[in-house]
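For reference, the structure discussed in these notes is given below.
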Amino acid sequence: MSLYVLGKKVERGLHRVFCEPLIKKAFAKCGKNVRVPQGCEFSGIDNISVGNNVALDSGLKILTTRAKVSIGNDVMFDPNVTIITGDHRIDIPGRPMISLTDKDKLPENDQDVILEGDNWIGANATILKGVKIGLGAVVAAGSLVNHDIPPFSIWGGASQAAEDEVF
């Protein structure tokens, strides 16, 4: 076994023993048999609830400030999934978006994301604010999800924007 491989095994072991328990305690709720590997990023970790038998994967990013993220039981994530519960205000003339803070947000700028359970979220999927992914639903790799996914369905691609939205 090379020194590099040995070093990686030691690094993973240290993460599992020291970092993973701290991350789990920081969640609003964390069930049993939850795996949090190295390389996950959480903003607003105290707004994230995780059920039982959940396998997070490296590169997972959950970014939330006010809204809640609820991950049900028996959920699998592939690498590099992103969940974002909010967006920026773009409706204040004369104020650059970059100058606006969380205090400037309106309630509609942040909305909860819910994964009901028994879900599989494919690699590089992005889930945006206000989305509910139904029980038993699958999100294919590389998908953009900005509307609800019905229970026991498979979603792939980019979900359709509502008719009244302008991009």
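The values are calculated or read from the model by the stated rules, or taken from the named source; none is laboratory data. Since the model is a prediction, treat every value here as computed from it, not as a measurement. Please note: Cβ atoms are built from the backbone with ideal geometry, for glycine as well, and neighbour counts cover all protein chains shown.
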Take residue 39 and tell me if it is surrounded by fewer than 16 Cβ atoms within 10 Å (Cβ to Cβ), under 19 Å from residue 123 (Cβ atoms) and not β-branched (Val, Ile, Thr).
yes
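From the residues in the stretch 16-69 that are outside any strand (DSSP E or B) and of a type in the set (Phe, Trp, Tyr), which one is nearest to residue 129 (Cα to Cα)?
We begin by selecting, within the stretch 16-69, every residue outside any strand (DSSP E or B); these are 16-28, 31-33, 36-40, 44-47, 51-53, 56-60, 64-68.
Going one step further and asking which of them are of a type in the set (Phe, Trp, Tyr), we end up with 18, 27.
Details: 18: 32, 27: 19 Å.
Taking the candidates together, the pick is 27.
For residue 6, indicate whether it is farther than 24 Å from residue 81 by Cα and either surrounded by fewer than 14 Cβ atoms within 10 Å (Cβ to Cβ) or in contact with a Ser or Thr (Cβ under 9 Å, 6 or more places away or on another chain) (or both). Give the derivation first.
Numbers: farther than 24 Å from residue 81 by Cα: yes; either surrounded by fewer than 14 Cβ atoms within 10 Å (Cβ to Cβ) or in contact with a Ser or Thr (Cβ under 9 Å, 6 or more places away or on another chain) (or both): yes.
Spelling it out, residue 6 is indeed farther than 24 Å from residue 81 by Cα and either surrounded by fewer than 14 Cβ atoms within 10 Å (Cβ to Cβ) or in contact with a Ser or Thr (Cβ under 9 Å, 6 or more places away or on another chain) (or both).
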Within the stretch 70-94, which residues are in contact with a helix residue (DSSP H, G or I) (Cβ under 9 Å, 6 or more places away or on another chain) and outside any strand (DSSP E or B)?
85, 87, 88, 89, 90, 92
Could you say whether any residue in the stretch 55-68 is within 21 Å of residue 112 (Cβ to Cβ), polar (S, T, N, Q) and out of contact with any helix residue (DSSP H, G or I) (no Cβ under 8 Å at 6 or more places or on another chain)?
no
Is it true that some residue in the stretch 126-136 is buried (at least 17 other Cβ atoms within 10 Å of the Cβ), at pLDDT 95 or above and within 19 Å of residue 39 (Cα to Cα)?
yes
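Among the residues of the stretch 151-163, count how many are under 17 Å from residue 122 (Cβ atoms) and either among the hydrophobic types (A, V, I, L, M, F, W, C) or modelled with pLDDT of 95 or more (or both).
Step one: list which residues in the stretch 151-163 are under 17 Å from residue 122 (Cβ atoms), which gives 152-159.
Then keep just the ones that are either among the hydrophobic types (A, V, I, L, M, F, W, C) or modelled with pLDDT of 95 or more (or both); that gives 152-155, 158.
Summing the residues that are under 17 Å from residue 122 (Cβ atoms) and either among the hydrophobic types (A, V, I, L, M, F, W, C) or modelled with pLDDT of 95 or more (or both) in the stretch 151-163 gives 5.
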Just checking, does the stretch 48-66 include any residue being crowded, with 18+ Cβ neighbours inside 10 Å, under 27 Å from residue 152 (Cβ atoms) and over 12 Å from the mean Cα position of the chain (by Cα)?
yes
Kindly indicate whether residue 87 is at pLDDT below 95, under 20 Å from the mean Cα position of the chain (by Cα) and closer than 30 Å to residue 31 by Cα.
yes
Would a scan of the stretch 108-130 turn up a residue that is among the β-branched types (Val, Ile, Thr) and part of a loop (DSSP other than H, G, I, E, B)?
no
